[in-house]
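Asker: Supplied in structure tokens, the structure appears directly below.
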Amino acid sequence: MKPIQIKETIKNVKYVLSAQFFSLMLNIVLALIVPKFLGVEDFGYWQLFIFYSGLVGIFHLGLIDGIYLREGGKYYEELNFKSINGQFLVMLSLQFFICLIFFFNLPDVLSDDRKVVLIFTIISIPIVNSYFFLSYILQAVNKIREYTIGVMVDKVFFLVCVIFLVAIKYTSFEPYIIAFVFSKIISIIYLMIVNKPVLFSVNFNFILIFKETLKNIKIGSLLLFSNLSSLMIIGISRFFIDLNLGIELFGIISFYFSICKPCFSFY
């Protein structure tokens, strides 16, 4: 390995460790401090949102994973910016279409708190998937510094918001959800600036774009559903706990899961 590559690797490791540190701090605050200020029911709704928002990745249908697998290992300049830009717009259009379907089919029998959770989950669909799309592009081409800064922007902003809410002893779950969504939006703004060559390359060859999109979905869907299957091993049990035993017990069970989370990454 050349000296320049060694230096670059060391820098990448430093950025990753920094991001892991902020992720660890955020996990500790969320797991050990926030439950003291939220009631059992509000904590349950907060955890329900976290659970649902962790599943919205299914709605990109594997497109992000397919691009990551097919483009991984290239230099950033070697990417077909116009093709990736077109696929990004296709994904966004799909996300907004899915959002409209969910918005117009919200059950009327839901409680107000549960509606808030579902509405913000729907809002988070294009936001979370845009965040992952842009960050996966950076990972694929080994732009670890830019990718890690994007993660840190998200985590640091959210951590500051949570610490502020805890400091003023705010006992409702809604501001925590809003902070989660806005932290992703701020990170997306940074990722959009970094990915300007992709976002400002327009391609009007719609047939080629759809062919590439379908090819990436076909490849990436296998990885997507393998990841989701592992997530749903615990997720299904949590879903039925919420459905049959109520939000308070769901919050208690989620708390036991969350106290283990500081040991792991919060990507």
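The values are calculated or read from the model by the stated rules, or taken from the named source; none is laboratory data. Everything numeric here is computed off the predicted structure, so don't read it as measured data. So basically every Cβ, Gly included, is an ideal-geometry build from the backbone, and we count neighbours across all protein chains shown. Note: areas computed on protein heavy atoms with side chains; ligands, DNA, RNA excluded. Shrake-Rupley method; radii C 1.70, N 1.55, O 1.52, S 1.80 Å.
Asker: How large is the translational diffusion coefficient of the range 115-183 in µm² per second when you combine the Kirkwood radius over alpha carbon pairs with Stokes-Einstein at 4 °C and 1.567 mPa s?
Answerer: In µm²/s, the coefficient is 97.
Asker: Could you report the accessible area of M152 in Å², rounded to 10, computed with a 1.4 Å probe on the protein chains as they sit in the structure?
Answerer: Looks like 40 Å² after rounding.
Asker: Roughly how many Å is it from the Cα centre of the range 203-240 to that of the range 62-86, as a whole number?
Answerer: Rounded to whole Å, the Cα centres lie 15 Å apart.
Asker: Using a 7 Å offset from the Cα along the Cα-to-Cβ direction at both F239 and I189, what is the distance between the two label points in nm, to one decimal?
Answerer: Output for this residue pair reads 3.6 nm.
Asker: For the pairs K115/K155; K155/K218; K143/K184, note any where the Cα-Cα span goes beyond 23 Å.
Answerer: Table pairs above 23 Å Cα-Cα are K115/K155; K155/K218.
Asker: What net charge is computed for the residues neighbouring F225, neighbours being all others with C-beta under 15 Å from the C-beta of F225, Lys and Arg scored +1, Asp and Glu -1?
Answerer: Net of charged neighbours comes to 0.
Asker: Hey, rough spin-label estimate for L92 and F210, points 7 angstrom out along Cα→Cβ, what's it come to in nanometres?
Answerer: Here the modelled spin labels are 2.0 nm apart.
Asker: Let me ask something else. Given 0.36 nm per residue, what is the gain on full extension from I101 to R114 after removing their alpha carbon distance, in nm?
Answerer: Here the answer is 2.9 nm.
Asker: What length, rounded to one decimal in nm, is gained on full extension from K169 through to V202, with 0.36 nm per residue of separation minus their alpha-carbon distance?
Answerer: Full extension from K169 to V202 adds 7.1 nm.
Asker: Got a sec? What order do L208, L106 fall in by accessible area at 1.4 Å, biggest, i.e. largest, first?
Answerer: From most exposed to least exposed: L208, L106.
Asker: May I ask for the equivalent-ellipsoid semi-axes of the range 49-108, computed as the square root of five times each C-alpha gyration tensor eigenvalue and listed largest first in whole Å?
Answerer: Each semi-axis is √(5λ); the values are 29, 14, 7 Å.
Asker: Would you please name the trypsin sites (Lys or Arg not before Pro) within the range 164-255 that are DSSP coil residues with at most 13 other C-beta atoms within 10 Å of their C-beta?
Answerer: Answer in residue order: K169.
Asker: Here's a follow-up. Using only Cα positions of the range 22-175, each an equal point scatterer, no hydration layer, compute I(q)/I(0) via Debye at q = 0.11, 0.15, 0.18, 0.19 Å⁻¹ and quote the log10 values to two decimals.
Answerer: Reported log10 I(q)/I(0), two decimals: -0.55, -0.93, -1.15, -1.21.
Asker: How much length, in nm to one decimal, is gained on full extension between E41 and I10, taken as 0.36 nm per residue of separation minus their Cα-Cα distance?
Answerer: 6.7 nm
Asker: Treating the beta-carbon of each Lys and Arg as +1 and of each Asp and Glu as -1, no other charges, what is the dipole magnitude of the range 169-257 about its Cα centre, to the nearest 20 debye?
Answerer: Using Cβ point charges on Lys, Arg, Asp and Glu, the range 169-257 gives about 380 debye.
Asker: Also, I was wondering about something else. Of I163, Y176, V141, whose Cα points farthest to the positive end of the dipole of the range 108-185 (charges on the beta-carbon: +1 Lys, Arg; -1 Asp, Glu; origin at the Cα centre)?
Answerer: Positive-end residue among those listed: V141.
Asker: Still on this structure, I have one more. Can you check how the C-alpha radius of gyration of the chain compares to 2.2 N^0.38 Å, as a plain ratio?
Answerer: Compactness ratio reported: 1.06.
Asker: Using helices alone, what [θ] at 222 nm do you get for the chain, with -39,500 (n - 2.57) per DSSP H run of 4 or more residues, divided over all residues and rounded to the nearest 500?
Answerer: Value at 222 nm, helices only: -26500 deg cm²/dmol.
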